[in-house]
1. Quickly run through segment 83-116 and pick out the residues that are more than 29 Å from R155 (Cβ to Cβ) and surrounded by fewer than 22 Cβ atoms within 10 Å (Cβ to Cβ).
2. Which is touching a Cys at 6+ places or on another chain (Cβ under 9 Å) and in a helix (DSSP H, G or I), of V85, V136?
3. Just checking, does segment 308-318 include any residue being in contact (Cβ under 8 Å) with a residue 12 or more places away in the chain, assigned to a loop (DSSP other than H, G, I, E, B) and surrounded by fewer than 24 Cβ atoms within 10 Å (Cβ to Cβ)?
4. List every residue pair whose Cβ atoms sit under 9 Å apart, with the two residues 6 or more apart in sequence or on different chains, where the first one lies in segment 189-218 and is outside any helix (DSSP H, G or I) and the second, anywhere, is at pLDDT 85 or above.
5. Among the residues of segment 43-82 satisfying the criterion of being touching a Phe, Trp or Tyr at 6+ places or on another chain (Cβ under 8 Å) and among the aliphatic types (A, V, I, L, M), which is surrounded by the most Cβ atoms within 10 Å (Cβ to Cβ)?
6. Residues of segment 270-307 being modelled with pLDDT of 95 or more and either surrounded by fewer than 18 Cβ atoms within 10 Å (Cβ to Cβ) or not hydrophobic (A, V, I, L, M, F, W, C) (or both), which ones?
7. Filter segment 251-300 for residues that are assigned to a helix (DSSP H, G or I), among the small types (G, A, S) and within 18 Å of the chain's Cα centre (by Cα) and give the result.
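The values are calculated or read from the model by the stated rules, or taken from the named source; none is laboratory data. Since we're looking at a predicted model, the values are computed, not measured. Here Cβ is always computed from backbone atoms with ideal geometry, including for glycine, and neighbour counts include all displayed protein chains.
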Amino acid sequence: MELADYGHARNFRKCAKPTSVVFLPWDGGSFFKSDLVIPESLSKFFSMYLLFAIGFKGGHELSKTAFSQEHLFTLIACSIMAIIVPIYAYFVLKIKLDKHNAAALAGSFGSISAVTFVTAGAFLHNLKVEYGGFIVAGMALMESPAIVIAVVLDRLNKNKMNGGGAINWKALLHEALFGSSIYLLVGALIVGYITGDSGWKAEKVFADDLFKGILTFFLLDMGISAARRFKELANVGFFLIAAAVILMVVNATIGLILTKLIEMPVGDALMFVVLCASASYIAVPAAMKDMIPEANPSIYLTVALSIVFPINIVAGIPLYYYLVTST
């Protein structure tokens, strides 16, 4: 039976929105040596805006939602995935990678991509499907543990090898809990929750009406960055490309199974699967640069940004939605 025979197949076409595929036309820019570039200051602002907007909106939705058993189970599932993914990914990746690079890349897979999450939210908005604000809390919950676990795995290996590599727990926990992205996200979540409807009415123009336009420009910037790293794919090798795809598929599958066990509504289910399948190319690389300096950024950053991110944006989100609504 062809895919077109399924009633839900039409949802694949919903991905053909500027916020989902905007970076594709610009990928050729690196090959044609275009000088198109987004200023770094604007790129930073776009990232900060998106984190604030999604956190604020999530807090507003959370203020209107009574905490339920499903919410509790979902947050537990988020915690479980945040712990087990970097651990099992580490042992898979160290088959071919040295321990430092395996730990750093495992941390990336164990954490999440806020931009992929935001894009999935825009996808649901196009379909007029709602998702709960509490899932934003789940996103915040999933971002930090992988950083801690990756560093612990690396330090344990150092201790085994030469008796050194003591863990600076104060610096590690500070980076994990108060890094700029998690701090801004959680702060906006709290503000949105406290101010409720009155705060949302006051900030709706900024936090909602401008959202799609800024997301479009941010994804354009990500497309340019990803394209410029395509040449580095040759350096990471076939194993890493295959491992990235396999880990993404396995994590999405585990997430999908958990959504069925918990009986999540469609919107929450998609957002959870997207969190499970994504890889961090902002928070984790920033932490790994200082915490595991021996790891090669061209490996963990290229895999997350040039393999996992584009696949999730172009094909993953509509595919996950199809699976969530048809299984």
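1. none
2. Working: V136 fails: touching a Cys at 6+ places or on another chain (Cβ under 9 Å).
Just one listed residue meets the conditions, V85.
3. No; the residues of segment 308-318 include none that is in contact (Cβ under 8 Å) with a residue 12 or more places away in the chain, assigned to a loop (DSSP other than H, G, I, E, B) and surrounded by fewer than 24 Cβ atoms within 10 Å (Cβ to Cβ).
4. Close Cβ pairs (under 9 Å, with a partner that is at pLDDT 85 or above) amount to L210/Y49; L210/A53.
5. I54
6. Listed by number, the list holds a single entry, S278.
7. Filtering segment 251-300 down to residues assigned to a helix (DSSP H, G or I) leaves 251-262, 266-277, 283-291, 297-300.
Within this subset, residues satisfying the condition of being among the small types (G, A, S) are 252, 255, 267, 269, 277, 283, 286-287, 298.
Answer for segment 251-300, where residues must be assigned to a helix (DSSP H, G or I), among the small types (G, A, S) and within 18 Å of the chain's Cα centre (by Cα): A252, G255, G267, A269, A277, A283, A286, A287.
Rundown of residues vs (1) closer than 16 Å to N312 by Cα; (2) under 20 Å from the mean Cα position of the chain (by Cα); (3) at pLDDT below 85; (4) exposed (fewer than 13 other Cβ atoms within 10 Å of the Cβ), yes/no style:
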| site | (1), (2), (3), (4) |
| --- | --- |
| G192 | no, no, no, no |
| K204 | no, no, no, no |
| K212 | no, yes, yes, no |
| L220 | yes, yes, yes, no |
| I224 | no, yes, yes, no |
| R229 | no, yes, yes, no |
| G237 | no, no, yes, no |
| A242 | yes, yes, no, yes |
| I246 | yes, yes, no, yes |
